[in-house]
Amino acid sequence: MLTMNCIITFDLEEPRHSNISDGAHKARTIGFDASVDVLLEMLKTYQARATFFVVGETAEAHPDTIRRISDAGHEIAAHSMHHKRIAEMTEEEFRSDARLTKEALERITGLRVDGYRAPSWSAHTKHTSWFWRVLKEEGYLYSSSVVPL
């Protein structure tokens, strides 16, 4: 029997966090919790574990849902506080954002948050050379912020 290890991640954010200017951000978030429940049921069916990169303000608006994800054995990781692109922040603004996000997620789950993913994979510019250092200083162990686009 062939055994496969799969890696699956989700960015958990609301439509208003979209950085795509197609009007998707105007969609209502009706069914947010139910949508997450569908994902959790699918993951359970296939006995899969996932990492959910969660926007801090989304976690604060849906703490019970975030706890359900965590209680089901999935990792909760940070996806910024307000889904603002890294290059649009100063180093100190990013430091505050990373710290607030980590604190909010840890308060909600009661677990340490180790991972971070930049909104829209926005950490890879010449203007954000401080990004990796700040993440480390704020206690993050890894970043899933670069994708070869």
- prompt: For the stretch 112-127, in order, what is each residue's ³J(HN,Hα) by Karplus, 6.51 cos²θ - 1.76 cosθ + 1.60 with θ = phi - 60°, in whole Hz (x at glycine and Pro)?
  reply: 5, 9, 9, x, 9, 10, 5, x, 6, 6, 8, 8, 9, 10, 5, 8
field: Length added when fully stretched, Val38-Val146, from 0.36 nm per residue minus Cα-Cα
entry: 36.1 nm
field: 3J(HN,Hα) from dihedral phi, the stretch 67-78, Karplus parametrisation 6.51/-1.76/1.60, rounded to Hz, x for glycine, proline
entry: 5, 4, 4, 5, 5, 7, x, 8, 7, 9, 10, 8
task: Multiply the residue gap between Ala87 and Asp71 by 0.36 nm, knock off their C-alpha separation, and tell me the result in nm, one decimal place.
output: 2.4 nm
task: Among the listed pairs Lys44/Lys84; Lys44/Lys126; Lys102/Lys126, give every one whose C-alpha distance is greater than 30 Å.
output: Lys44/Lys84; Lys44/Lys126
field: Arg133-Glu60 FRET efficiency (beta carbon distance; Förster radius 25 Å; 0.05 resolution)
entry: 0.40
- request: List every residue whose amide H lies under 5 Å from the amide H of Ile8, counting only residues 5 or more places away in sequence or on a different chain, with H placed 1.01 Å from N in the peptide plane.
  value: Thr51
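The numbers here are math on the coordinates, done by the rules we state, and not lab data. Note that the structure is a prediction, hence the values are computed from the model and not measured. We place every Cβ from the backbone using ideal geometry, glycine too, and count neighbours over all the protein chains shown.
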